[in-house]
Amino acid sequence: MLRTLTRHVMASPAFAPAGPPHTVYVRFDPTADSLHLGNLLGILTLAWLARAGHKPVALVGDATGRVGDPSGRSTERPLLDGTAIHRNLDGIAANIRQVLDAQGGAGGEPVVVLNNHDWLGGISFLDFLRDVGKHTRVSGMLAKDTVRTRLASDDGMSFMEFTYQLLQAYDFAYLSDPLHNVRVQASGSDQWSNITAGTELTRKLRGGRVVHGLIFPLLTRSDGKKVSKSDAAGATWLTASKLSPYKFYQHLVRMPDADVVGFLRSMTFLPLEEVDAISTAAAAPGAVPNGAQHRLAEEVTRLVHGEAGVAAALAATAVAAPGRTGAGADARTADAL
Ligand SMILES: N[C@@H](Cc1ccc(O)cc1)C(=O)O
């Protein structure tokens, strides 16, 4: 999936590591004060591209977060107020840096985290209509899947949601300017309409400038749930104060057998041959119970919480389940970790 796709992209002449480096942006959602396991795909996409010599840029969509993307939703999102968004932005930027900078950031430099309120927040409505609206055909906006689906529903869609695609499109045009020089927007596949709105607007506003989209399949679980959705244990937050490295590790250990190999491929940097070997070993008679899950938990905990996080998680796991067999394990101690 992501891994195969990223490898495919790297192999194309435009992205070959030997080709010119590109600046790539991925946007992260400011609706909570921490990112969760599902967001790791976007972070790892940036990390893979950085490994191939490209420059990662993370965008936290403060301005767009105030409006709310209608993509994939049947009803309008609740509006977030400015204070909540600001609190969220700090937490999210810290998550992005905690993972990406440990992987070498942007060529050894800390990764740049931008906030689109910095350029969208100051534009007046009249200027937006003249500079962006003038160059946009309503027919193109109406043809987007998201808009068509919502218009066919009983509630329809508000003008605010309808214009969302223009805000995101404007981000791409703005980021493609020499200050940031972004050429690629990467995202989950649900963002296709918004990304193409951006490639079209950039071409119109910036004298034919060509920018590209890179989408990856959203990671789903075998039970059909999105990875972002909380299960009984709550969301798998990346912020240690919301979910300790031990609990984070435990969430991953509980991954169903049907999902664990897919996660090892997309959410770790393990060579694919090694993933295959782990998968074969897990299916062999007499295999260690949950061996693949423990390996996944260890690798992903390392990516998110570093070596110290892995050590803390393993120590706490040993307390909670000595030798992984002690039924009378001190679960309360572990719960407090
Ligand atoms: N619409 C995207 C977020 C986004 C916002 C602004 C952008 O420039 C890019 C992406 C989402 O909901 O996931």
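Please treat every number below as a calculation from the coordinates, not as lab data. Bear in mind that the values here come from a model prediction, so they are computed numbers and not experimental data. Neighbour counts are summed over all protein chains in view; Cβ atoms, including those assigned to glycine, are modelled from backbone coordinates with ideal geometry.
Per-structure values
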| read-out | value |
| --- | --- |
| Projected label distance in nm at residue 83 and residue 154, using a 7 Å step from Cα toward the beta-carbon | 3.6 |
| Whole-number percent relative contact order across the chain, with pairs defined as alpha carbons under 8 Å at least 6 apart | 17 |
| Choice from 84, 47, 292 with maximal GNM fluctuation in the chain (Cα, 10 Å cutoff) | 84 |
| Residue of 121, 286, 133 that the Gaussian network model of the chain assigns the largest fluctuation, springs spanning Cα pairs under 10 Å | 286 |
| Net charge over other residues, Cβ less than 13 angstrom from the Cβ of residue 299 (K, R count +1; D, E count -1) | 0 |
| Separation of the residue 94 and residue 137 label points, Cα + 7 Å toward Cβ, nm | 4.8 |
| Cβ-Cβ FRET estimate between residue 123 and residue 257, R0 fixed at 35 Å, reported to 0.05 | 0.10 |
| Residues 202, 280, sorted so that the one with the fewest Cβ neighbours within 10 Å comes first | 280, 202 |
| Cα-projected label distance for residue 73 with residue 209, points at 7 Å along beta-carbon direction, nm | 2.9 |
| Likely footprinting exposure, 157, 255, fewest C-beta neighbours within 10 Å first | 157, 255 |
| Relative contact order for the stretch 43-155, counting Cα pairs under 8 Å that sit 6 or more residues apart, in percent | 34 |
| log10 of Debye I(q)/I(0), alpha-carbon scatterers only, for the stretch 2-216 at 0.12, 0.16, 0.18 Å⁻¹ | -0.63, -1.14, -1.42 |
| Linear extension gain, residue 279 paired with residue 163, 0.36 nm per residue minus alpha-carbon span | 37.1 nm |
| Max mean-square fluctuation residue, GNM over the chain, Cα-Cα springs under 10 Å, options 225, 204, 134 | 134 |
| Gap separating the Cα centres of the stretch 273-297 and the stretch 144-214, nearest whole Å | 41 |
| DSSP-defined antiparallel bridges as percent of all bridges, the chain, nearest 5 | 20 |
| Farthest positive-ward along the stretch 2-216 dipole, Cα basis, beta-carbon charges - from 89, 184, 58 | 184 |
